[in-house]
1. Taking only DSSP H segments of four or more residues, each worth -39500 (n - 2.57), what value at 222 nm results for the protein assembly as shown once the sum is divided by all its residues, to the nearest 500 deg cm²/dmol?
2. Quick one: what are the phi-derived ³J(HN,Hα) couplings along region A:264-269, Karplus 6.51/-1.76/1.60 with θ = phi - 60°, whole Hz, x for glycine and proline?
3. Just to be sure I understand the curve: with the Debye formula and one point per C-alpha of chain A, what is log10 I(q)/I(0) at q = 0.07, 0.12 Å⁻¹?
4. For all pairs of alpha-carbon atoms in region B:4-62, what percent lies in each bin of width 5 Å, listed from the first bin to the last filled one?
5. Give the percent of DSSP beta bridges with both residues in chain A that are antiparallel, rounded to the nearest 5.
6. GluC sites (Glu not before Pro), restricted to region A:212-317: which are DSSP loop and have at most 14 other Cβ atoms within 10 Å?
7. Would you mind finding the longest exposed-site-free stretch of chain A, with exposed chymotrypsin sites (Phe, Trp or Tyr not before Pro) meaning DSSP loop and at most 10 other Cβ atoms within 10 Å?
8. Tell me, what is the per residue accessible area of the protein assembly as shown in Å², probe radius 1.4 Å?
Amino acid sequence: MKNLKFLVVEDEKLAQKVMAKHLEEYVVDFAETKEAALHKLQAADYDICFFDLMLGKKDNCSGLKLIPPAVSKGAYVVVMSSLDSEEIVNKAYESGCHDFYVKGNEEANISAVLARYQQKNASANAVTVFSEQFITDDPQTRSDILEVLKYARSSLPILILGQSGTGKTCLARLIHEHSGRAGQFIDINCSAYNQELLEAEIFGYKKGAFTGAYENRRGKLLEADKGTLFLDEIGAMSPDMQTKLLKAIEEKSFYPVGSDKKERSEFRVISATLEDLQKLLTEEKLRFDFFQRIHGFTIALKPLSQRKSDIFPLISAFTRTSKKLSFEKHARTLLLNHTWPGNIRELKRFIDVAAAGDGMITQDTVLRHTAQAMKTERQSDGFLAQEQYDCALAKGLNGAMEKFAYEVIKRSLLQHAGKKVKTLKELKISKRMLYSTLRKFEGKKDGIKI
Amino acid sequence: MESKSETRELLHDIESKTAGLRSAAKILRECPPKEKKELICLMKQSAQDILKYLTNLEKEINS
Ligand SMILES: Nc1ncnc2c1ncn2[C@@H]1O[C@H](COP(=O)(O)OP(=O)(O)OP(=O)(O)O)[C@@H](O)[C@H]1O
Ligand SMILES: [Mg+2]
């Protein structure tokens with residue numbers, strides 16, 4: 001959906017400034033007189049118009065005359081007035097305005113206006129959302145998504161939970177597209193970087209800030225100005241980094257690495273994780289204050305196995321621009337019976353492969369796919385636990401192996417009442433490995449004696 | 001009669017200017033320094049207008 005465009009007709013400079021501040025993430029045009037406003041209305045299309053009624057000294061509500069031309073061009077028209085006499089309100093509504101508020105409490109009034117505008121457009125939107133943008137027939141998922149979209153236009157932070165491949169990134173993008181924000185959708189996967197790189201990536205840096213910083217570089221925060229910052233895999237962000245980011249979110253400003261020049265950015269935060277939220281909190285991987293700042297509204301996406309009615313609508317959507325697929329008699333049933341551990345990503349890959357081939361989905365193709373997927377899943381139940389696999393996806397294989405080594409060492413130490421010699425012998429590892437692992441995960445602690 | 005409508009107009013102006021000041025005061029905290037300066041300048045202008053209107057209103061009442 002396109003970005004929202006506003007026209008604000010207001011003759012007072014101070015009031016203009018106030019409106020500009022409250023609408024700073026959108027594209028806003030201003031006009032001070034009726035004539036200038038009519039001109040602008042002719043030249044461009046606006047989604048929402050705010051009209052002051054009295055334009056200039058001793059004006060006889062000339063703002064009212066702007067309502068019909070704006071309405072006829074399809075704009076949502078809001079009258080803001082310092083007068084709320086019944087007569088004026090009636091006149092404004094008679095002229096066709098959609099909304100009216102009394103000046104003086106802009107923050108609350110403007111968000112209420114945006115919410116009402118949103119609601120007016122919601123039913124028209126729902127059809128395209130679920131058939132084109134986020135395909136789902138599942139009643140609960142639909143209602144959850146409609147609920148979250150109600151907040152799309154606000155700057156409320158949103159947290160998306162769900163297994164890998166359930167559509168978290170897809171949903172974050174959808175929310176951004178419905179936000180009407182003029183800026184870009186900028187995503188960053190926190191697990192793809194080590195902490196120093198992550199900091200440089202998010203905050204940007206100044207030339208010479210560290211080895212390899214050959215030039216000034218804008219960070220994701222600045223790129224997301226007036227737009228949306230999507231933080232994927234927040235569980236992989238160090239507590240230190242969370243504190244820094246929390247400050248930037250609260251102050252809407254930050255310092256790039258190595259710079260003493262403060263940068264401002266008006267970004268909206270959406271975050272996501274596939275990890276268990278409660279666990280992240282109890283294990284203190286997610287700082288409580290940071291969590292509180294990012295979970296204004298939380299939505300959990302169900303795995304595909306719990307919304308199987310979506311399988312065929314998704315298949316049609318994935319093949320809209322490619323070859324039509326044909327299904328052998330029992331192939332459909334087999335597809336429905338499969339548990340899709342890789343969720344929608346797995347389904348998409350399966351369909352892409354089929355469409356690239358002869359477009360025929362036979363019982364055999366499905367069985368081969370499901371056998372492969374189940375094998376991976378069975379492995380998860382045996383040697384490789386789902387949690388370990390998720391950890392490797394989140395931290396990368398090396399990070400996961402370090403974590404695995406730490407957990408094994410910890411258990412062994414516990415079994416030997418903290419006697420390191422026994423653990424060294426039992427696990428056949430070097431002292432160096434034991435100490436560096438403990439140091440990495442526990443810091444400099446020497447409570448356990450050798 | 002004339003004076004009554006003058007009074008009404010003054011009251012409206014005062015209402016509208018004070019509402020404007022109040023809205024501006026609410027965003028002041030969040031403004032970066034440069035914008036803050038600009039805003040304060042406009043707010044002072046509005047405050048002076050309010051003072052002027054109040055003085056006129058006082059005159060209206062006393063006359
Ligand atoms: N409801 C949906 N409608 C259409 N396409 C979808 C939907 N959900 C997911 N997809 C597609 O499935 C793929 C995986 O989705 P996405 O990347 O959003 O999942 P994710 O939950 O972010 O995964 P990860 O945890 O690995 O980041 C993408 O290609 C996405 O476009
Ligand atoms: Mg994703």
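The values are calculated or read from the model by the stated rules, or taken from the named source; none is laboratory data. Computed from a predicted model, the values in this text were never measured in an experiment. Neighbour counts run over all protein chains shown; Cβ positions are idealised from the backbone, glycine included. Side chains are part of the model used for accessible areas, which takes the heavy atoms of the whole protein and leaves out ligands, DNA and RNA. Shrake-Rupley method; radii C 1.70, N 1.55, O 1.52, S 1.80 Å.
1. The per-residue figure over the protein assembly as shown is -17000 deg cm²/dmol.
2. With the stated coefficients, region A:264-269 comes to 10, 8, 9, 10, 10, 9 Hz.
3. Treating every Cα as an identical point scatterer, log10 I(q)/I(0) equals -0.51, -1.13.
4. That works out to 4, 19, 25, 19, 13, 9, 7, 4, 1, in percent per bin.
5. In chain A, DSSP labels about 10 percent of beta bridges as antiparallel.
6. A:E215, A:E283, A:E284
7. Here the longest run is A:1-213.
8. Numbers: 27570 Å² over 513 residues.
So the protein assembly as shown comes to 54 Å² accessible per residue, rounded to a whole number.
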